[in-house]
1. Please arrange Arg63, Arg52 by counting, for each residue, the other beta carbons lying within 10 Å of its beta carbon, fewest first.
2. Where does helix 36-48 land angle-wise versus the long Cα axis of the chain, in degrees 0 to 90, nearest 10?
3. Tell me, what is the percent relative contact order of the chain, built from C-alpha pairs under 8 Å that lie six or more residues apart?
4. Angle, helix 2-20 long axis vs. longest principal axis of the chain, Cα atoms, 0 to 90°, nearest 10?
5. Enumerate lysine pairs in the chain that are 8 or more residues apart or on different chains, then count those whose Cα atoms are under 15 Å apart.
Amino acid sequence: MEQESIWIGAWNNLEDLIKKYPEGHILVPEFKEVDAEGARPWMQESAYKGNRVQLTIDYHKGRKSIFLNKVPA
């Protein structure tokens, strides 16, 4: 149940950040660009493997972008 709340919270945070930075990219590790639909399963899988998902904002290709990283829970 905890894993479910982790990825649902991360999805909600991602949606908020997409609204705030609509022109930005979404990146998973190794600078792989994904869209929101590609990020969701990555976030869910990360949570079920015992990780938290950390979302940070930084520049990528000249745009403020959303970076997703796994952090041990």
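Since every read-out is calculated from the coordinates, none of them should be taken as a lab result. Quick caveat: nothing in here was measured; it's all calculated off a predicted structure. Methodologically, a virtual Cβ is constructed for each residue, glycine included, from the backbone with ideal geometry; neighbour enumeration extends over all protein chains shown.
1. Ordered by Cβ neighbours within 10 Å, fewest first: Arg63, Arg52.
2. Helix 36-48 sits at roughly 30 degrees to that axis.
3. Details: 106 pairs, mean separation 26.7, N = 73.
About 37 percent, as a whole number.
4. For 2-20 against the chain, the angle is about 10 degrees.
5. 5
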